[in-house]
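Shown next, in structure tokens, is the structure this report addresses.
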Amino acid sequence: MKQYPSIPQSPPKSKHLQDYAYGFDKLDGSNIRAEMHAGRFVRYGSRNRLLEADHPHLGAAIELIRTRYEAGLAAIMEQLRAKEFTAFFEFYGPRSFAGTHEPDDPKEVVLFDLDVRRRGLLPPDEFLALCGHLKIPRLLHAGPVTPELIDSIRSDTLPGIAEGVIFKGRAGKQGGKTVMWKVKTRRWLERLKDHCAGDEQLFEKLR
């Protein structure tokens with residue numbers, strides 16, 4: 001099953017991308033993937049391994065994905081005339097942090113990307129057009145990515161974000177592949193340092 005790519009901390013070098021990109025709320029949870037064939041989910045995974053419903057921490061995501069997204073994504077699959085794709089979700093609760101979850105919290109799943117076989121990740125404008133009627137992360141910005149915008153994210157003055165922002169755009173003016181980078185708030189990074197208790201390797205892995 002397709003895995004989600006790692007997202008770098010800084011943007012790729014592309015003038016066009018700097019001119020225009022989409023910024024989405026970075027939800028703080030666990031990456032869950034679901035593979036769809038012919039309008040049905042056929043298998044699930046965490047970021048690095050396959051996932052079954054009896055998994056003690058992440059298994060609940062399977063039923064949430066199936067009941068909340070299968071019908072809507074089946075219709076999108078038909079619209080795209082695709083035979084197979086992998087949908088990527090964030091699984092989290094009110095007290096989730098850096099991939100850890102409180103067992104008693106109510107959990108949510110939110111669709112944040114689609115990877116269509118032989119096409120790759122949908123560009124952000126196409127993702128919004130196709131999936132905007134489903135539950136997806138909040139779109140916080142669309143337009144030029146300026147130093148002032150980056151500073152407002154890091155300093156926590158851009159309203160309504162906790163962990164940070166994922167920027168997505170096209171690498172090229174027409175038909176370029178989807179590229180991404182992330183900007184996190186200093187507040188979240190300081191909390192992560194406390195969480196890692198001096199373990200620099202863990203901090204770099206989770207940041």
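Every number here is computed from the coordinates shown, using simple stated rules; none is lab data. As the structure is a prediction and not an experimental result, all values here were calculated from the model. FYI the Cβ positions are ideal-geometry reconstructions off the backbone, even for glycines, and counts take in every protein chain you see.
If you wrap the chain in the convex hull of its Cα atoms and look at it from every side, the mean projected area works out to 11.8 nm².
Compare GLY59, GLY45, GLY169 in a GNM of the chain, Cα atoms joined below 10 Å, and give the one with the largest fluctuation. It is GLY59. For the residues ARG81, ARG187, ARG95, a GNM of the chain with alpha-carbon springs under 10 Å puts the largest fluctuation on ARG81.
Among VAL42, VAL183, VAL109, the largest mean-square fluctuation in a Gaussian network model of the chain, built with springs joining Cα atoms closer than 10 Å, belongs to VAL42. Close Lys pairs in the chain, defined as Cα atoms under 15 Å apart and 8 or more places apart or on different chains, number 20. Put a dot 7 Å past the Cα of GLN201, heading toward its Cβ, do the same for HIS57, and the two dots end up 1.8 nm apart. Treating r as the C-beta distance of LEU64 and ARG191 and R0 as 35 Å, the FRET efficiency rounds to 0.85.
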